[in-house]
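Peer 1: Please read through the structure below; I'll follow up with questions.
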Amino acid sequence: MAQRARSWRRTAAAVTAAGMITAGATAPGAAAAEEPRIDLKVLVVDNGDSTVKAVTAQLRSTGIPYTTVDLSDSGRPTITAAFLSDTVSGRPRAKFQGVVLPNEAPFGAGSAEQTALETYERTYGIPQVDAYTWAHPGVGLDYTSEGGWAGTLDGREASVTAAGKAGPFGYLDGAFRFEDNAPAVQESYGYAARPRTGFTSYVDIPVPGGTGRASLVGEYAHDGRRELVVTFAYNNNQQQFRLLARGIVEWLTQGVHLGQTRNSFAVHVDDVFAPDARWDSTRNCTPGDIDCAGGDGEDPTPIRMTADDAAHAAQWQREHGFTMDLVFNAGSGEEFKTEHGGTDALATRLLADKAQYRWVNHTYTHPFLGCVQDTTSVPWSCAKNADGSTKYMSRAEIAAQIRDNHDWAVGKGLPIDRTELVTGEHSGLKTLPQQPNDNPNLAGALADTGVKWIASDNSREPAQRTVGNALTVPRHPMNVYYNVGTAAEMADEYNWIYTSRADGGSGVCEDNPTSTCLDQPLDVGTGYAEHIVPQEARTALGHVLAGDPRPHYAHQSNLAEDRLLYPVMEKVLADYRALFADSTPLENPRQSAIGTELQRGAAWQSALANNRVTAYRIGKTVTVTAPSGTQIPVTAPEGTKKQLLLGTSAFGTPYAGARSAWTTPAALQSALTLKLP
């Protein structure tokens with residue numbers, strides 16, 4: 001059993017594929033002892049099920065090339081020996097390093113296509129993932145009537161077995177629970193069954209109402225083939241799949257593949273040094289907000305951090321091993337100081353702890369950097385020039401806002417990266433519906449001030465794009481509102497947005513087909529802690545588990561008064577650390593690093609889509625060619641070396657029990673060459 005549990009890590013074709021060829025299953029036209037070339041690409045046979053879609057999404061997000069055969073397409077290619085393999089320069093070639101099927105035999109047992117696929121897998125040692133099937137002897141399991149169980153898995157705890165931890169799921173800490181987000185809805189159904197000879201369980205559960213444990217995920221080795229058998233249903237967004245997705249891919253590729261994924265969590269805190277207006281629970285709007293009818297006057301009690309809040313922030317970071325990005329408006333702080341006798345205890349405390357944070361330019365006084373806003377009506381509109389064209393903030397004004405804030409930071413010795421910028425309300429970028437295009441003066445101002453990474457709102461623009469010579473970094477907005485300082489205020493505004501008109505809400509949730517109304521309003525005393533915190537933490541953790549590096553953002557008001565942001569961050573961090581082994585730390589990158597990751601990922605996906613990447617392994621050697629200058633993501637086992645012109649160097653950095661990196665061919669080489677251990 002232990003030997004089978006470790007077999008997925010064997011990376012050299014000589015260990016598996018060539019060994020089988022030598023035993024007699026010789027590839028056409030090949031000498032028996034010749035090691036084959038195995039292309040680093042996956043074959044996906046898609047029947048439209050959510051389980052296949054989920055595995056495919058993991059391949060794509062990781063950066064692994066794949067070919068899809070759509071079973072619903074009458075013009076699809078037929079699975080034959082020629083489709084799966086051929087020879088290159090006289091060497092046998094397997095065109096796919098792994099196969100994803102909707103179940104163990106989607107073409108029908110004994111059919112020509114199924115036989116061709118099984119022969120291919122047996123000949124070249126190619127693993128097969130059965131994305132979802134039922135428990136039966138054909139996949140190495142007893143029927144569920146023989147000491148197993150079938151039913152709804154919602155809320156049940158599963159565990160990674162000793163074999164799973166020694167094998168493809170070693171990055172997990174051990175136990176995890178199936179989601180149960182809607183008690184009245186069946187979210188995940190599964191078959192838990194006892195293994196037969198040849199089956200090694202990787203994930204199991206206690207048999208409900210019975211004795212012992214039964215498998216949900218495991219490896220079935222038989223007839224010279226290996227299948228990863230999954231016996232529960234899932235989709236790409238469910239946490240149980242997201243936890244297991246990395247291991248499924250690592251098993252499928254035997255730990256050697258193009259692409260990489262790391263889990264990260266970054267939190268931007270906007271408006272530092274500036275006050276934020278407060279929600280009015282009577283009028284259901286925010287006084288001082290130009291879209292709050294009749295609310296042109298400033299709120300008499302804006303929300304602003306105190307020195308005690310700043311001290312708490314620094315202490316919290318030290319206790320939780322996490323760094324926040326303080327997105328600051330220095331001019332707003334200077335205005336506060338002028339209005340309060342030349343002192344600002346908040347600024348004094350934050351500057352004393354300046355080295356404990358990352359600092360990001362948010363412009364000097366947080367003006368709207370897009371069109372000049374006409375606030376004579378609600379909603380506002382863009383002011384017009386005499387010729388009818390849109391009136392915009394000038395390039396010089398935008399540049400001054402960026403430059404003055406940066407110069408202040410340098411004068412105070414803040415650890416700031418001038419290439420990073422977050423504009424107030426993401427202004428300057430297009431703002432629908434009023435401003436459908438970027439301020440034409442924005443790109444020039446960014447170039448004038450050295451900005452390369454400008455934040456955007458992921459809920460509006462999830463894709464990275466260019467703004468002149470800069471690139472956007474989409475940020476996830478957190479449902480911890482900028483205009484609330486207490487849990488009661490937060491629950492009240494949440495009720496206004498997410499309850500029906502009949503329940504006293506705005507009814508926006510009724511009008512928006514992508515939204516769902518609350519069954520009943522939240523209790524303003526307990527609603528934040530009991531409903532909003534777990535829901536928002538689950539959403540943020542979902543981004544983390546999907547390998548999405550985009551930062552999340554909240555506001556300085558959420559570190560003040562009731563300090564609403566901390567429970568959300570604490571739950572994300574605690575839940576993550578409870579789920580993952582120490583070998584899979586939660587990374588905490590800054591904006592420029594996130595922007596670079598998104599940029600590299602987009603370039604890589606483009607190279608794959610245009611068929612400009614060739615990658616294969618022969619024995620212990622991996623060779624990759626890509627367009628010149630393209631950063632190549634690769635994941636490989638510990639001990640992998642990068643071939644240099646003379647000698648080798650260690651490849652990548654450790655993560656989740658493997659090594660991975662973005663890399664390029666060594667000097668004077670046209671291809672990336674890695675030597676596997």
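The values are calculated or read from the model by the stated rules, or taken from the named source; none is laboratory data. Remember, it's a predicted structure, so these values are computed and weren't measured experimentally. For neighbour counting, all protein chains shown are included, and Cβ atoms are generated from backbone atoms with ideal geometry for every residue, glycine included.
Peer 1: Could we say that Asn483 is buried (at least 17 other Cβ atoms within 10 Å of the Cβ), in a loop (DSSP other than H, G, I, E, B) and touching a residue at least 24 places away in the same chain (Cβ under 8 Å) here?
Peer 2: The answer is yes for Asn483.
Peer 1: Given Gly341, Gly331, which one is over 26 Å from the mean Cα position of the chain (by Cα), closer than 23 Å to Ile402 by Cα and at pLDDT 95 or above?
Peer 2: Gly331
Peer 1: Assess whether Asn441 counts as being in contact (Cβ under 8 Å) with a residue 24 or more places away in the chain, within 19 Å of Val269 (Cβ to Cβ) and either more than 29 Å from the chain's Cα centre (by Cα) or crowded, with 18+ Cβ neighbours inside 10 Å (or both). Outline the logic, then answer.
Peer 2: Details: in contact (Cβ under 8 Å) with a residue 24 or more places away in the chain: yes; within 19 Å of Val269 (Cβ to Cβ): no; either more than 29 Å from the chain's Cα centre (by Cα) or crowded, with 18+ Cβ neighbours inside 10 Å (or both): yes.
Judged against the criteria, Asn441 is not a match.
Peer 1: Something else now. Thr115 - would you say it is part of a helix (DSSP H, G or I), crowded, with 22+ Cβ neighbours inside 10 Å and either on the phi < 0 side of the Ramachandran plot or in the same structural domain as Thr211 (by TED's automatic domain parsing) (or both)?
Peer 2: Answer is no for this residue.
Peer 1: Moving to a separate point now. Among the numbered criteria (1) touching a strand residue (DSSP E or B) at 6+ places or on another chain (Cβ under 9 Å); (2) part of a loop (DSSP other than H, G, I, E, B); (3) of a type outside the set (Gly, Ala, Ser); (4) surrounded by fewer than 17 Cβ atoms within 10 Å (Cβ to Cβ), which single criterion is violated by Pro433?
Peer 2: In the conditions (1) touching a strand residue (DSSP E or B) at 6+ places or on another chain (Cβ under 9 Å); (2) part of a loop (DSSP other than H, G, I, E, B); (3) of a type outside the set (Gly, Ala, Ser); (4) surrounded by fewer than 17 Cβ atoms within 10 Å (Cβ to Cβ), Pro433 misses (1) alone.
Peer 1: Spot the failing condition for Thr539; the list is (1) surrounded by 19 or more Cβ atoms within 10 Å (Cβ to Cβ); (2) within 30 Å of Phe580 (Cβ to Cβ), and only one is missed.
Peer 2: (1)
Peer 1: Just checking, does the stretch 140-157 include any residue being at pLDDT 95 or above, surrounded by fewer than 17 Cβ atoms within 10 Å (Cβ to Cβ), of a type outside the set (Gly, Ala, Ser) and in a loop (DSSP other than H, G, I, E, B)?
Peer 2: yes
Peer 1: Tell me which strands (runs of 3 or more DSSP E) are completely within the stretch 264-374 and hold 1 or more residues being surrounded by fewer than 23 Cβ atoms within 10 Å (Cβ to Cβ), or say none if there are none.
Peer 2: Here the list reads 267-272, 358-361.
Peer 1: I'm trying to understand the selection: among the residues of the stretch 209-258, which are in contact with a strand residue (DSSP E or B) (Cβ under 9 Å, 6 or more places away or on another chain), surrounded by fewer than 24 Cβ atoms within 10 Å (Cβ to Cβ) and in a loop (DSSP other than H, G, I, E, B)?
Peer 2: Once the filter is applied, which keeps residues that are in contact with a strand residue (DSSP E or B) (Cβ under 9 Å, 6 or more places away or on another chain), surrounded by fewer than 24 Cβ atoms within 10 Å (Cβ to Cβ) and in a loop (DSSP other than H, G, I, E, B), the stretch 209-258 yields Gly209, Gly210, Gly212, Ala233, Gly255.
Peer 1: Find the residue count for the stretch 499-533, including only residues that are assigned to a helix (DSSP H, G or I) and closer than 18 Å to Val484 by Cβ.
Peer 2: 8
Peer 1: Which residue pairs have Cβ atoms closer than 6 Å, lie 6 or more positions apart in sequence or on different chains, and pair a first residue in the stretch 467-478 that is at positive phi with a second residue that is surrounded by fewer than 19 Cβ atoms within 10 Å (Cβ to Cβ)?
Peer 2: Gly468/Ala447
Peer 1: Among the listed residues Arg617, Arg612, which satisfies the condition of being buried (at least 17 other Cβ atoms within 10 Å of the Cβ), in contact (Cβ under 8 Å) with a residue 12 or more places away in the chain and touching a strand residue (DSSP E or B) at 6+ places or on another chain (Cβ under 9 Å)?
Peer 2: Arg617
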